Amino acid sequence: MSLAGPRLDRPSAIGDEGRPRAASLWIASLVVVAIVGVVGLEIGESSLLPTLGLVVGLSVAGVGLLERDGFVSQVVAHGFLMTFGTAFALVVLAAPFVARAGIAASGCALALAGIGAAWADVGGDELKPAAAGTMIGYVTMLCSAILVTVLIGIVLFGWSVLTTITGVSTPVASVMGFFLIVASTGGVVRLALRWLPVRQLTPRDRRPGIERRLATLRRRLLYAVVGSIGGLVGTAILVIATPAGLIANVPVLASALGALSSPVVVWPIVAVGGIALVAGIGAVLLRRMSHEVTARTTRRSAAIVVGVVLSVPFLLGLILFVAGIGAASGTFLVGAALLVTLLLGPLAVAFVLGSAVVGVALGLLPRRAMGPAIAALGLVVAAIGVGRGNPLVVFVCIAGAIVVWDSATYGLGLTAELGHLPETRRLELFHGAVTVGLAVAAVVVVTVLELLRAGLVPSGGAAGGVVIVVVGALLLLIPLRG
């Protein structure tokens, strides 16, 4: 799938009936960009256009890259959705509740997303896997964070047990610690042998022999585990039945038994168990990732990888949040921001994408013109966000929405009837020039009417501005759609 404009006019482009012709789409794009810049200046955010452009552009690129088959492309796509897509969704959903200008910012983000979706040929079918992948990554992030926390607890507990065993001073405790380590290591190695593909990696003519050796090794490991457990029980019984201090009276025996818990003996045994466990888990993961490699499994695996990676900043935010509890410090605020973003952001992405899918399914959004419809809707929302501030800017947003919708639907009509092969740029430019000219004329008329209203009826206030905007919209709609 191409994410660039010039490829739209090639007959080999994917989805020939899903995108307007390039010239019509360029006109709509320039109108959206210009209006977003004007709205940014109106609400006092001069950096609104470049900021939203970067966030929305990479979010749309993430959805578009999901159509690629490569694993790296899928990872990048889900990474964009879980990061920049999170920022876009939070702007759309949360910005209106933060400040009054947030409604305008939310509308501008929708407008840019709609026009970007039109360029990337993103429709309802492409949004479904994006929403599903985001939820898979989100659940994976939470599960990975929980699993890592449990593993850290197990490692710390095991470390404390090992340091306790290697630090004992009595012969009886040394023997019991040795039996405990041997039993644990034997069980871990026996489990790892079931996971490791030893038989599969052996040549066929040598497999019977390796199977016999593996069976013997498993049997001996089982004997070692059972014997170690029996040794633990027997040592406990001997401690109870033997008079105190009997072993200590035999210095050679006490020294030999005490050496069983020395680091020289303990750490090599633990290293064997640790290496076997890591190798076994790695083999299981590789087997799962390489089993039935299809486009769906690749997309799911990429989402899981991104979720695992994002569990790191999630745990970091949790640590900073817990460490800063009780003080409104920078550590506490950074941790809270990370937790809120990672907990609510992916849900916001899934909600926004799911709403678009539902809108298309219910007919609220046109299937072939979803992108232009969202762009026009975003400009209308931006007009609402500007509100009473400046009626002229409000009408510019509404006029821009009309121009975007008219230009894009005209380009879609050409695409549906002619495809991308014939040259239609002159038709598109003529239609675009007429549409933009009518919009500019309507803006001029509205400006004159607003100046007259302000001079004749200065107390008209917002009601007078609304009347002027409605009159201007009718002046523009009648020649375009009448």
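The values are calculated or read from the model by the stated rules, or taken from the named source; none is laboratory data. Quantities reported herein were computed from a predicted structural model and do not represent experimental measurements. Every residue, glycine as well, gets a Cβ built from its backbone with ideal geometry; the counts of neighbours run over all protein chains shown. Protein only, heavy atoms only, side chains kept; ligands, DNA and RNA dropped before computing areas. Shrake-Rupley method; radii C 1.70, N 1.55, O 1.52, S 1.80 Å.
At 1.4 Å probe size, with the rest of the protein present, what percent of the exposed accessible area of segment 326-410 is carbon and sulfur atoms? Before the final figure, lay out the partial values.
Numbers: 2650 of 3520 Å².
Its accessible area is 75 percent carbon and sulfur atoms.
Is there a quick way to get the dipole size of segment 43-199? I mean about its Cα centre, with the Cβ of Lys and Arg at +1 and of Asp and Glu at -1; what is the value in debye to the nearest 20?
Details: 6 positive and 6 negative charges, 135 e Å.
The dipole of segment 43-199 has a size of about 640 debye.
Using a 1.4 angstrom probe on heavy atoms only, work out the carbon and sulfur share of the accessible area of segment 89-168 in %. Walk me through the numbers on the way to the answer.
Numbers: 2870 of 3580 Å².
Taking all protein chains in place, segment 89-168 shows 80 percent carbon and sulfur surface.
Return the FRET efficiency for the residue pair Val434, Ala34: r is the Cβ-Cβ distance, R0 is 30 Å, and the value is rounded to the nearest 0.05.
On the way: r = 18 Å, r/R0 = 0.60.
With a Förster radius of 30 Å, E is 0.95.
Mind giving me the FRET efficiency for Leu277 and Leu347? R0 is 35 Å, r the Cβ-Cβ distance, nearest 0.05 is fine.
On the way: r = 35 Å, r/R0 = 1.00.
About 0.50, to the nearest 0.05.
Any idea how far the Cα center of segment 115-142 sits from the one of segment 301-321, in Å?
19 Å
If I stretch the segment between Arg367 and Arg206 completely, what's the gain in nm (0.36 nm per residue apart, minus their alpha carbon distance), one decimal?
Values: separation 161, 0.36 × 161 = 57.96 nm, distance 5.99 nm.
Full extension of this stretch gives 52.0 nm more.
For the peptides 315-325, 122-132, 206-216, 352-362, what is the packing order when you average, over each peptide's residues, the other Cβ atoms within 10 Å and list the highest mean first?
Numbers: 315-325: 15.9, 122-132: 20.6, 206-216: 11.5, 352-362: 18.0.
Ranked by mean Cβ neighbours within 10 Å, highest first: 122-132, 352-362, 315-325, 206-216.
Taking the Cα centroid of segment 169-193 and of segment 147-167, what is the distance between the two, rounded to the nearest whole Å?
15 Å
How would you order 61-72, 192-203 from highest to lowest mean count of nearby Cβ atoms within 10 Å? Write out the running numbers ahead of the final one.
Working: 61-72: 18.7, 192-203: 13.2.
Result, highest mean Cβ count within 10 Å first: 61-72, 192-203.
Compute the accessible area per residue over segment 329-436, keeping the other protein chains in place, probe 1.4 Å, unit Å². Walk me through the intermediate numbers first.
On the way: 4860 Å² over 108 residues.
Accessible area per residue, segment 329-436: 45 Å².
Extending each Cα 7 Å along its Cβ direction at Ser355 and Arg220, get the distance between those two points in nm, one decimal.
That separation, rounded to one decimal, is 6.6 nm.
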